[in-house]
Amino acid sequence: MKKVLLSLAVIAALSACDKNDQLIEEMPLADIELKSTTESVVTTEASLDDLAEAAEYEVDLFTGTDEAMATIAAEQDGIELKAGGEGSKKRYRDRYKWGKCPDIHIVKEEGGWPRTITLNYGESTELENGRVISGIIEIYQTASRKVNGATRTVTFKEFSVDAVGIAGTSEKTFKKDEFKVDIVRDLTFTLEDGTTIHREAVRVRTWTQGMDTPLDHTDDIFEITGSVTCVDSDENEYSRLITTPLIKKGGCRYIVAGEVTLSSTKNGVDFATINYGDGECDNIAIMTTAEGSEEIEIGKRKRERRQERNQNGQ
């Protein structure tokens, strides 16, 4: 009888644990204490992640494969490519407006490695999708990406994407025989109004399609996982976890799929999610907070402190 009672007690306890786990999984998003409104934080974060991936893709475009690096080595010193060009020039024609790519300069040690590639976008280089890039990206490469543990140290100097300043470094470590790279970013973004957001990210970026055509960006697809911790000049502190892998297509300006959850770094409470859709190339995402769900446009940031909203009677 004791054994039966004990068994029943164990079953009841396990059942209670299952219910608790279910309750934890179904806990609603909270309206946590932030200096800025939740909408401000979420729309800014979605915009910055989009800009970070755009900058990262510029690096991948020129140095993602040894074939790409060999090509730019033959084309360095900066060129204005005409529409209708052949071979590798097609990728520049399709990506950069008027076929004007960044100036490229390469410095190699004896034997070819290590090497430093500098991409200079000048005061303004416009992409065909309307994005505008300026400044310098410096890429220090220790070895071929086919060497296990080879690294790329990417430094952004007086660099901006769509008038948002990006400063800092991104460290990329390659894995042998895999189109997968571990990325550690330490970047500071400066918005047009002077607001700064410091983001420390750890990510895994996997090149899932387009590997066989490294000189054609239009068929590239990347899968991105990882997390980011953020602190902004309005004293907001939060983290961002990719809960469903993000999908980035080379032929699209925006992240096209995946979901992230935003949480307070002070108490770990989730306060928002961003869903980027099901693969369609558009600038629409779904923001969900304690107040419900609504569409947001990637790139349209709202900066508003809570006290400002209260003063406006909202």
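Among the candidates 235, 280, single out the residue that is touching a Lys or Arg at 6+ places or on another chain (Cβ under 6 Å), in contact (Cβ under 8 Å) with a residue 24 or more places away in the chain, over 15 Å from residue 46 (Cβ atoms) and exposed (fewer than 15 other Cβ atoms within 10 Å of the Cβ).
Numbers: 280 fails: touching a Lys or Arg at 6+ places or on another chain (Cβ under 6 Å).
Of the residues listed, the single one that is touching a Lys or Arg at 6+ places or on another chain (Cβ under 6 Å), in contact (Cβ under 8 Å) with a residue 24 or more places away in the chain, over 15 Å from residue 46 (Cβ atoms) and exposed (fewer than 15 other Cβ atoms within 10 Å of the Cβ) is 235.
Quick check: anything in segment 149-163 surrounded by 16 or more Cβ atoms within 10 Å (Cβ to Cβ), under 30 Å from residue 31 (Cα atoms) and of a type in the set (A, V, I, L, M, F, W, C)?
There is no residue in segment 149-163 that is surrounded by 16 or more Cβ atoms within 10 Å (Cβ to Cβ), under 30 Å from residue 31 (Cα atoms) and of a type in the set (A, V, I, L, M, F, W, C).
Is it fair to say residue 243 is of a type in the set (S, T, N, Q) and farther than 20 Å from residue 50 by Cβ? Before the answer, list the steps.
Numbers: of a type in the set (S, T, N, Q): yes; farther than 20 Å from residue 50 by Cβ: no.
Answer is no for this residue.
From the set of residues in segment 246-259 that are assigned to a strand (DSSP E or B) and touching a residue at least 24 places away in the same chain (Cβ under 8 Å), which is nearest to residue 50 (Cα to Cα)?
Here the answer is 255.
Of all residues being in contact (Cβ under 8 Å) with a residue 60 or more places away in the chain and assigned to a strand (DSSP E or B) in segment 263-277, which is nearest to residue 249 (Cα to Cα)? Just the residue, please. Show your work before the answer.
Taking segment 263-277 as the starting set, the residues that turn out to be in contact (Cβ under 8 Å) with a residue 60 or more places away in the chain are 264, 267, 269-274.
Those left that are additionally assigned to a strand (DSSP E or B): 264, 270-274.
Working: 264: 30, 270: 28, 271: 28, 272: 25, 273: 21, 274: 18 Å.
Among them, the one singled out is 274.
What are the residues in segment 90-144 that are out of contact with any Asp or Glu (no Cβ under 7 Å at 6 or more places or on another chain) and among the acidic types (Asp, Glu), if any?
Scanning segment 90-144 gives 103, 109, 110, 123, 126, 138.
Cβ-Cβ distance below 8 Å, separation of 6 or more or different chains: which pairs start in segment 293-314 with a residue that is under 15 Å from residue 45 (Cα atoms) and end on one that is exposed (fewer than 14 other Cβ atoms within 10 Å of the Cβ) and modelled with pLDDT of 80 or more?
Matching pairs, first to second residue: 295/284; 296/284; 297/284; 298/284; 303/193.
Failed condition for residue 211, given (1) touching a residue at least 40 places away in the same chain (Cβ under 8 Å); (2) in a strand (DSSP E or B), with all others met?
Here residue 211 meets the rest and fails (2).
Given the structure, is residue 114 crowded, with 18+ Cβ neighbours inside 10 Å, at pLDDT 80 or above and not aromatic (Phe, Trp, Tyr)?
Details: crowded, with 18+ Cβ neighbours inside 10 Å: no; at pLDDT 80 or above: yes; not aromatic (Phe, Trp, Tyr): yes.
So residue 114 does not fit the description; no.
Before we move on, is residue 156 aromatic (Phe, Trp, Tyr) and over 30 Å from residue 304 (Cβ atoms)? Let's see the steps before the verdict.
Details: aromatic (Phe, Trp, Tyr): yes; over 30 Å from residue 304 (Cβ atoms): no.
No.
Kindly establish whether residue 138 is at negative phi, without any contact (Cβ under 8 Å) to a residue 24 or more places away in the chain and surrounded by fewer than 16 Cβ atoms within 10 Å (Cβ to Cβ). So that I can check it myself, show each step before the final result.
Values: at negative phi: yes; without any contact (Cβ under 8 Å) to a residue 24 or more places away in the chain: yes; surrounded by fewer than 16 Cβ atoms within 10 Å (Cβ to Cβ): no.
The answer is no for residue 138.
Considering only segment 190-226, state which residues are surrounded by fewer than 16 Cβ atoms within 10 Å (Cβ to Cβ), among the polar types (S, T, N, Q) and over 25 Å from residue 158 (Cβ atoms).
Matches in segment 190-226: 206, 208, 209, 213, 218.
The values are calculated or read from the model by the stated rules, or taken from the named source; none is laboratory data. Quantities reported herein were computed from a predicted structural model and do not represent experimental measurements. Here Cβ is always computed from backbone atoms with ideal geometry, including for glycine, and neighbour counts include all displayed protein chains.
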